[in-house]
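Only one structure is covered here, and it is reproduced in the block below.
What follows is calculated from the coordinates using simple rules that are stated; it is not laboratory data. Here the structure is a predicted model, which means the values were calculated and not measured. Cβ placement follows ideal geometry from the backbone for every residue including glycine, while neighbour counts extend to all protein chains displayed.
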Amino acid sequence: MTDPLSKLPLFATDREIAIAVVGKERAAMYVKAVIPMLERHGFPRIDVLHGGRPVPLVRKWYNSHMGVDRPYVLQSLEPPKENPDAWRSAREKRNERKPQLGLNTRCLGALRYMVEHPDVRTSAEIPGATDFTMKELADKGALKEGRKDTQGDRTWTVTDVGREEMARVNDWHGGKRRL
């Protein structure tokens, strides 16, 4: 039996590929429903210059997808590989991106200001912030309390936890400020 893909030109249309893979009767369904799904899993894209998909890559993709590249005995004896990520719900994955520290607006503004202005060290330099705000941020782990400066003000530095939280806040809100 010859390979139906070998009869196709170097770049074939979706319809030609569909007929070679599933036959004329199911080709329309394959083009409409299956190919878009396969593209999300690495199926070769249409080469715009040539007006079709590269058939050698389509063959290679199917060989890899169906495990033809591996010997049958090895394939059947391999234990299945577990993917713990597959069991996690979308909510769990989304919650990893969600801000974790539960900062109020005042604390969030002070932390954002300190992250954006790394040379700022005291509450007096931050608009709308007090030592109480800084202490709240330190209690959450976003800031680390330091010594007093020459003016007698307490100094603070942003921790890795604080930088990570600000990155999560920016990601969660799409870079838009929520202050």
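A few remarks follow.
- (i) 1, 8, 17, 22, 23, 17, 9, 3, 0, 0; (ii) 1, 7, 11, 12, 9, 6, 6, 6, 6, 7, 8, 7, 6, 4, 2, 1, 0, 0; (iii) 1, 8, 14, 17, 17, 16, 12, 8, 4, 2, 1, 0, 0, with the label sought being that of the calculated P(r) over Cα pairs in 5 Å bins from 0, in percent: (ii)
- Contact order, relative form, for the chain: 15 percent (alpha carbon pairs under 8 Å, 6 or more residues apart, mean separation divided by residue count).
- Using C-alpha pairs below 8 Å separated by at least 6 residues, the relative contact order for segment 4-77 is 31 percent.
- Axis angle, to the nearest 10 degrees, between helix 105-116 and the longest C-alpha principal axis of the chain: 80 degrees.
- Computed E for Asp85/Glu145 - FRET, C-beta separation, R0 41 angstrom, nearest 0.05: 0.60
- Where Cα atoms sit under 28 Å apart: lysine pairs in the chain separated by 8 or more or lying on different chains: 20
- Scanning the chain for GluC sites (Glu not before Pro) that sit in a DSSP loop and have at most 12 other Cβ atoms within 10 Å, the longest stretch containing none of them is 83-179.
- Efficiency of FRET between Ile46 and Glu164 - r from beta-carbon atoms, R0 41 angstrom, step 0.05: 0.50
- Table column - 3J(HN,Hα) (Hz), segment 47-52, Karplus curve with 6.51, -1.76, 1.60, x for Gly and Pro: 7, 4, 4, 9, x, x
- Cα gyration tensor of segment 82-179 - equivalent ellipsoid semi-axes, whole Å, descending: 31, 14, 10
- Which of Ile35, Ile126 has the fewest Cβ neighbours within 10 Å, and the rest in rising order: Ile35, Ile126
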